[in-house]
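Any read-out appearing in this document is the output of simple, stated calculations on the displayed coordinates, not a laboratory observation. Here the structure is a predicted model, which is why all the values come from computation and not from measurement. So basically every Cβ, Gly included, is an ideal-geometry build from the backbone, and we count neighbours across all protein chains shown.
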Amino acid sequence: MAQKKILEEAPSYELKEIRLPKKLVFPYAGAANGVDHSALPLFGFEPALSTEAPVKPLSSKLYLVPTPVRFEGEELEPQIQPKPSPLSDLPELEQWVSRFVVSVIEVWSGKRAAMQLARWTHRNIFDGVVKASGAKRALPKIRNIYISQPIDGVGEVTVTLRYDERVRSLVMRFEGVDKRWLCTELSLI
């Protein structure tokens, strides 16, 4: 009897039917892109879309959108958050990278103060450079520097270094932030 009363007093929920738009747009399913479109009907897209020409994106370039900076639970105010910079506002990457690589090697060998790299490195990367400061006494020879720019304002760099008979790679990522290059990844492999 008590159970029946509880069920009668419980609120009833009405399930509503979810309606999808009549025509969904899947812009890159066109035959011109060579995309396999056999699964489109499974996801609610019309098979007729496979014969349509692809829709061009609004912009032909990808841009960096930095995530908010958080250190040990603190958040920075939006006014002082780093702002991405386009390639036109940044120094030339090739010259800048070669100077930065030489500086990092000199810090590792103890011939340069690590503080000189603080402005151009992310806080976490700077801590790693400081810990490795003076750890390597021998200066390597820089063999090659390879630079790629996957998106506007981002540079990915691989440097091959020769320590006596051993060849190692230094991998770095630079992001254009506040009109300067900022090293956000640095690893010696």
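Would you list Val171, Val157, Val177 from fewest to most Cβ contacts within 10 Å?
Fewest-to-most ranking of Val171, Val157, Val177: Val171, Val177, Val157.
Taking only the alpha-carbon positions of the stretch 76-146 and ignoring solvent, what does the Debye formula give for the base-10 log of I(q)/I(0) at q = 0.16 Å⁻¹?
-0.69
Filter the cross-link list Lys111/Lys179; Lys83/Lys136; Lys83/Lys111 down to pairs whose alpha-carbon distance in this structure exceeds 30 Å.
Correct reply: Lys83/Lys136; Lys83/Lys111.
Pick out, in residue order, every one of the GluC sites (Glu not before Pro) in the stretch 90-138 that is DSSP loop and has at most 10 other C-beta atoms within 10 Å; say none if there are none.
Answer by residue number: Glu92.
Among the trypsin sites (Lys or Arg not before Pro) within the stretch 119-177, which fall in a DSSP loop and have no more than 11 other Cβ atoms within 10 Å of their own Cβ?
Arg137
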